[in-house]
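Trainee: The structure that follows is given in the form of structure tokens.
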């Protein structure tokens, strides 16, 4: 961490509006800059720190699409190798369920991205994926173990995709600094 600026007597009469605006900006940015008030003169120290991005939606979308694509490829290869007959006897493409594989790949990607923020988001994703798997069994297109295997293929594809992307791309961080000088409020963000 690096101290950017020390502002003496920050609570002085003319600085109150800046102080309020600065606090809102820091809260809006997710608390990425640390504000420390000094006791004696009520001064303010602005500190720069490097933080991990909360969500990178472009990377999330790419990882999710690649995860679902990996699940599609995995289920296609397994269907070609195993040739399990469907319960309704229409063809020999029952094992594993492709619908369940792709649904669980998407649900696992949602889980990886949003679990720390709100547990209900991944629960909803897994509930939707489970409903898709159950529907495939109830509609007599798959055996129960086809849907379970599809879920495993989807989760495995998502795990592999996220693990590889972490190894290849690494974790991105950004530098953010908040400062004030005279009548201006400065925010610097380096990507």
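The values are calculated or read from the model by the stated rules, or taken from the named source; none is laboratory data. A quick note: this is a predicted structure, and the numbers were derived from the prediction, not measured. Don't worry about glycine lacking a Cβ; one is built from the backbone with ideal geometry, like all the others, and counts go over all protein chains shown.
Trainee: Name, by its number, the condition in (1) part of a helix (DSSP H, G or I); (2) at pLDDT 95 or above; (3) in contact with a helix residue (DSSP H, G or I) (Cβ under 8 Å, 6 or more places away or on another chain) that does not hold for residue 127.
Mentor: Every listed condition holds for residue 127 apart from (3).
Trainee: Report whether or not residue 38 is in the same structural domain as residue 139 (by TED's automatic domain parsing) and either over 29 Å from the mean Cα position of the chain (by Cα) or modelled with pLDDT of 85 or more (or both). Outline the logic, then answer.
Mentor: Details: in the same structural domain as residue 139 (by TED's automatic domain parsing): no; either over 29 Å from the mean Cα position of the chain (by Cα) or modelled with pLDDT of 85 or more (or both): yes.
So residue 38 fails the test.
Trainee: Let me ask something else. Please give the number of the condition residue 147 fails out of (1) in contact (Cβ under 8 Å) with a residue 12 or more places away in the chain; (2) assigned to a loop (DSSP other than H, G, I, E, B).
Mentor: Evaluating residue 147 over (1) in contact (Cβ under 8 Å) with a residue 12 or more places away in the chain; (2) assigned to a loop (DSSP other than H, G, I, E, B) leaves (2) as the failure.
Trainee: Among the residues that make up region 66-82, is at least one of them more than 22 Å from residue 145 (Cα to Cα), part of a helix (DSSP H, G or I) and modelled with pLDDT of 95 or more?
Mentor: Of the residues in region 66-82, the ones more than 22 Å from residue 145 (Cα to Cα) are 66.
Those still in the list that are part of a helix (DSSP H, G or I) too: 66.
Subset that is modelled with pLDDT of 95 or more: 66.
Yes, there is a match, as at least one residue in region 66-82 is more than 22 Å from residue 145 (Cα to Cα), part of a helix (DSSP H, G or I) and modelled with pLDDT of 95 or more.
Trainee: Just to check your reading of the model, which residue among 175, 118, 183, 93 is modelled with pLDDT under 95, over 25 Å from residue 57 (Cα atoms) and loosely packed, with under 15 Cβ neighbours inside 10 Å? Show your work before the answer.
Mentor: Numbers: 175 fails: over 25 Å from residue 57 (Cα atoms); 118 fails: over 25 Å from residue 57 (Cα atoms); 93 fails: loosely packed, with under 15 Cβ neighbours inside 10 Å.
Being modelled with pLDDT under 95, over 25 Å from residue 57 (Cα atoms) and loosely packed, with under 15 Cβ neighbours inside 10 Å holds for just one of 175, 118, 183, 93, which is 183.
Trainee: Would you check if there is a residue in region 140-160 being within 21 Å of residue 65 (Cα to Cα), surrounded by fewer than 14 Cβ atoms within 10 Å (Cβ to Cβ) and modelled with pLDDT of 90 or more?
Mentor: No, that holds for no residue.
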